[in-house]
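The values are calculated or read from the model by the stated rules, or taken from the named source; none is laboratory data. Note that the coordinates shown come from a computational prediction; the quantities given were computed from them, not determined experimentally. Glycine gets a Cβ as well: all are built from the backbone with ideal geometry, and neighbour counts include every protein chain shown. In case anyone asks, the SASA skips ligands and DNA or RNA and just uses the protein heavy atoms, side chains included. Shrake-Rupley method; radii C 1.70, N 1.55, O 1.52, S 1.80 Å.
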Amino acid sequence: MKLAYWPGCVSRGFTTELHGSMALVAERLGIELVELDRANCCGAGIIAEHNQELADTLNARTFALAQQTGLAMMNICSTCQGAQSECQQRLDADSAYRAHINEVLSGQGLEYVKGKDGFTNKNFLWLLVEDYGLDKLAEQVKRPLTGLRVGPFYGCYVVRPKERLGYDEFPERDLYLEKVIEVLGGEVVEYDGARKCCGFPVIMMNRDTSLRQAGTHVGDALDAGADCLVTPCPLCHLNLDMQQPEAAKVVNRDLGLAVLHLPQLVGLALGAEPKELGMSKHIASTKWVEERLAGGVPA
Amino acid sequence: MAEYTLKVRRYQPESGQAAYWEEFKVDLDPSLSVLDGLLQAKDRDDGSLAVRCSCRAAICGSCGMKVNGSSTLGCKTQIGEAHEQANRRQKEDVPPPMGADEEYKPGSAAPGRGSNGGSISDSPAVAGAEEAAPIVIEPMGNMPVIKDLITDMESTHWTKIRRVTPWLLPHGEAPEREYVVEPESMIDITQSMACIQCGACVSSCLSMEADPDFIGPAALAKAYRFVGDPRDAETKERLHDLAHDPHGIYDCTHCFSCIDACPKGVAPMDQIMRLRRAAAEEGVDDDPNNGANHVTAFVRMIEKKGTNDEALLVQESHALGLKGKLKPSKGAIEGLLKSLPTVLRAIKTGKARSPSKVIPGVHPKLPGGSQDEVRAIYRHAEEHREEFNLYIKGEDEDFVEPEPDETDMEETA
């Protein structure tokens, strides 16, 4: 499997452990990644707030760069997925608009062609389940995550709006994390926040609303007995992990729950060491998870 | 006809008891609605089951409720589909066979987790694996419950609607006859005009869960209905009010819940994003929530760097132009100071060790001529000053052929 790979901004900014663990896991799974290093930010919905056509054109450029490789495109960020899907939907719906956008891109030797070679843009979670396959993933498991109680945290942008995100064709996309956790040998923890918002988009505008969301979900997962959370979204990771000590103050309780990026959880089951996966860079300690996996802490 | 189980959250304040769950068996065609199921249960089993409804055709907006956790209208949700959704969720409670070849199917025996498996005997879902999952029905969220599925719409929904002055404030004296407006000028507000005030978006709102004072999706969609109306004279005042309120347009966390909940395609979150854009265009850029600053900082940064310079974004969102000519706005220093502990922790763990991640503005640009390409895109898109009507128009089938005649686009006019 060979893919055009858009790592996004945050995986090369404040969550480099995501970029690194994705590279490691891809290699172990036999997935070749062709990184789109010339591609630009997806706009995260914020550029669209300012100027929709600007966001559409910027993402059309990324799609065109991916199409130049002739490969399907992969991202590792729920927010990229959502923002890019929104632009792709608008581009695909209207040939005149597409032509208008392509006018700019043609000056750069680029063109976005709807449906070219069956072009798709999927995040790692969707690819893992729909294209790589859970059976094949199960075969790769070297260290089953036995006894590890994992709470899924999706990130809004891969869950809603359903009509835009391909749920007609793939109605179980909001259950994939559960499937992956189980295939890796872990135990799914049901809690209230799995498909709710981490609060990150308003961290600069309403810190209290933002951190109350993050703190509530982390607290709910702890109350449900989770050893850790797993998320396919690095922006969720920023609020759930990096801001966790601040969120604890807002919800006025002790937290301290490890939050893993999806490739890290997969990597652990493939036998990679926590350090190789960059887990020491997290703000919320991952020590408990490591001890659970080493069998040192009773269930 | 098929049999369904409705698991309903009941609550009768006069009983003095806490809320409880009750299951009803109903028997009806899968194409009928969840509301039909509830009315059958009320008719056959318990006449005291309280549910508000009237038209049964998604017009009156009375029967807002949560079905399997999602806010919707009971009359617009087919009971067969709700049943399938409930089954999919129940299935995930059951541990699937590890490494098995066959597809995991609902109702198939759960063989445990292979050699590594933990005990599955304590999972209640296993015993019921062959049984159909119940359709879970609850009253709407973010509102007090009066009885069973009936919520108090006044204390949250209507109070917030009134908050945004939901009527036209026109220029000067009313004309002798009707107001005359261009049909095109109303396109932008047709979506928000479709609202039937059912409260499903309010029920689903995740920001309101964290901040009950948030004005919320229904009221803000209503606000855009007047902000976007060419007859209204108080556009800037309305926007100033909603941008400066700490629970206003910048309190929306962009979670799309209201878009999925709305039974009429109002897409309240999109209307909130339109309000933000309108605020910037009307020069309302000094809100104490740093909302306008954040957008401007982000947009400028991508023009300059191509990807997100997080350190610069933190700084510029709080105090746009701090590095340059402008002095920081009120609250900006406080905002920056509050983010310091987070940054320091990140440096400590090595999450942000390299300078480009903690020093604003050091972040690298895109390689080669890519940054110039991004700038060219900015120049092209920023030339247009009008609000595009970029609603999704629907799938065009002819993408293989060139279409020289399609010139009906709003933005090419």
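Brief remarks on what is shown
- DSSP bridge orientation in the protein assembly as shown - percent antiparallel, rounded to nearest 5: 45 percent
- Amide proton proximity set for A:Y5, modelled H, under 5 Å, gap of 5+: A:V34, A:E35, A:L36, A:M74
- Magnitude of the charge dipole, the protein assembly as shown, Cβ model with Lys/Arg +1 and Asp/Glu -1, debye to 20: 2800 debye
- Chain A: relative contact order in percent, alpha carbon pairs under 8 Å with at least 6 residues between: 20 percent
- Normalised by the number of residues in the stretch B:215-352, the average gap of Cα pairs under 8 Å and 6 or more apart makes the relative contact order 18 percent.
- Dipole in debye (nearest 20) - the stretch B:18-100, about Cα centre, beta carbon charges: Lys, Arg +1; Asp, Glu -1: 300 debye
- The separation of the stretch B:254-311 from the stretch A:223-299, counted between C-alpha centres, amounts to 30 Å.
- The residues B:T342, A:T146, B:T72, sorted by heavy-atom accessible surface at 1.4 Å with ligands and nucleic acids left out, run A:T146, B:T72, B:T342 from largest to smallest.
- If you model the stretch A:67-217 as an ellipsoid using its alpha carbon gyration tensor, with each semi-axis the square root of five times an eigenvalue, the axes come out at 32, 23, 12 Å, biggest first.
- Applying the Karplus relation 6.51 cos²θ - 1.76 cosθ + 1.60 with θ = phi - 60° to the stretch B:298-314 yields 3J(HN,Hα) values of 5, 5, 5, 5, 5, 4, 7, 10, x, 10, 6, 8, 4, 5, 5, 5, 4 Hz, where x marks Gly and Pro.
- Measuring against 32 Å, Cα to Cα, the residue pairs A:K116/A:K136; A:K2/B:K351; A:K116/B:K222; A:K162/B:K351 contain A:K116/B:K222; A:K162/B:K351 as the ones spanning a longer distance.
- Rounded to the nearest Hz, the phi-derived 3J(HN,Hα) couplings of the stretch A:150-158 under the Karplus curve 6.51 cos²θ - 1.76 cosθ + 1.60 (θ = phi - 60°) are 10, x, x, 9, 7, x, 3, 5, 9, where x marks glycine and proline.
- Label sites at B:E281 and B:E334, each approximated as a point 7 angstrom past Cα along Cα to Cβ, lie 3.3 nm apart.
- Residue pairs, from the table A:K196/B:K305; A:K122/A:K142; A:K196/B:K7; B:K91/B:K147, whose Cα atoms sit over 28 Å apart: A:K196/B:K305; B:K91/B:K147
- Annotation: A:S106 carries an accessible surface of approximately 80 Å², with a 1.4 Å probe and no ligand, DNA or RNA atoms counted.
- Here the 3J(HN,Hα) profile of the stretch B:42-48, calculated from phi with Karplus coefficients 6.51, -1.76 and 1.60 at θ = phi - 60°, is 5, 6, 8, 10, 8, x, 8 Hz, Gly and Pro shown as x.
- Note on B:M269: accessible area approximately 10 square angstrom, rounded to 10, probe 1.4 Å, nucleic acids and ligands left out.
- Here the stretch B:158-276 is treated as a Stokes sphere of Kirkwood radius computed over C-alpha pairs; at 10 °C and 1.306 mPa s its diffusion coefficient rounds to 109 µm²/s.
- Over all projection directions, the Cα-based convex hull of the protein assembly as shown averages an area of 33.0 nm².
- Heavy-atom accessible area with a 1.4 Å probe sorts A:S285, A:S85, largest first, into A:S285, A:S85.
- Rounded accessible area of B:L366 (nearest 10 Å², 1.4 Å probe): 20 Å²
- The stretch A:73-208, relative contact order [Cα under 8 Å, separation at least 6], %: 30 percent
- For the pair B:A2 and B:R353 in one chain, pulling the backbone fully straight at 0.36 nm per residue adds 120.2 nm over the alpha carbon distance.
- Alpha-carbon gyration tensor eigenvalues x 5, square-rooted, for the stretch A:67-131, Å: 23, 13, 11
- Helix A:16-29 axis, angle to chain A major axis (alpha carbon atoms, nearest 10°): 90 degrees
- Chain A: calculated mean residue ellipticity at 222 nm from DSSP helix runs of at least 4, using -39500 (n - 2.57): -12500 deg cm²/dmol
- Distances between every pair of Cα atoms in chain A, grouped in 5 Å steps from 0 to the bin holding the largest one, split as 1, 6, 12, 16, 19, 17, 12, 9, 5, 2, 1, 0, 0 percent.
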